[in-house]
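No lab work stands behind these numbers, since they all come straight from the coordinates. Note that the structure is a prediction, hence the values are computed from the model and not measured. Reconstructed Cβ throughout: ideal geometry from the backbone, glycine too, with neighbour counts over all protein chains shown.
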Amino acid sequence: MAKMKLHPLGDRLLVEPLEHDETFAGGMLVLPETAKEKPQQGRVLAVGPGARDEQGKRLAMDINVGDRVVFARYAGTEVKVDASNT
């Protein structure tokens, strides 16, 4: 994997969605992209430094790069990264 130039700020994460297995018990079924559900699990690629409390102290993040996470179906903002620009 190429080195990432995106750095989350505050208490944000950069998550790579993990694709679901598209194989079904009855055999092979090909679904168009529009019919597929958005993934709800992913691998953390980058972690921000954490939010600040009322006194300005950093609150440590409870998650690390490489952790597997579950997120809400329509949570976050989708970002596409061109591999030639990383």
Extension gain from ALA51 to VAL81, taking 0.36 nm per residue of separation minus the Cα-Cα distance: 8.3 nm
If you take every residue apart from ARG58 with its C-beta less than 12 Å away from the C-beta of ARG58, what net charge results, scoring Lys and Arg +1 and Asp and Glu -1? 0
With θ set to phi - 60° and the Karplus curve 6.51 cos²θ - 1.76 cosθ + 1.60, what are the ³J(HN,Hα) couplings of the range 55-64 in order, to the nearest whole Hz, using x for Gly and Pro? 8, x, 7, 6, 9, 4, 7, 8, 9, 10
Under 5 Å between amide hydrogens, which residues at least 5 positions from ARG12 or on another chain qualify, with H placed 1.01 Å from N in the peptide plane? GLY48, GLY50
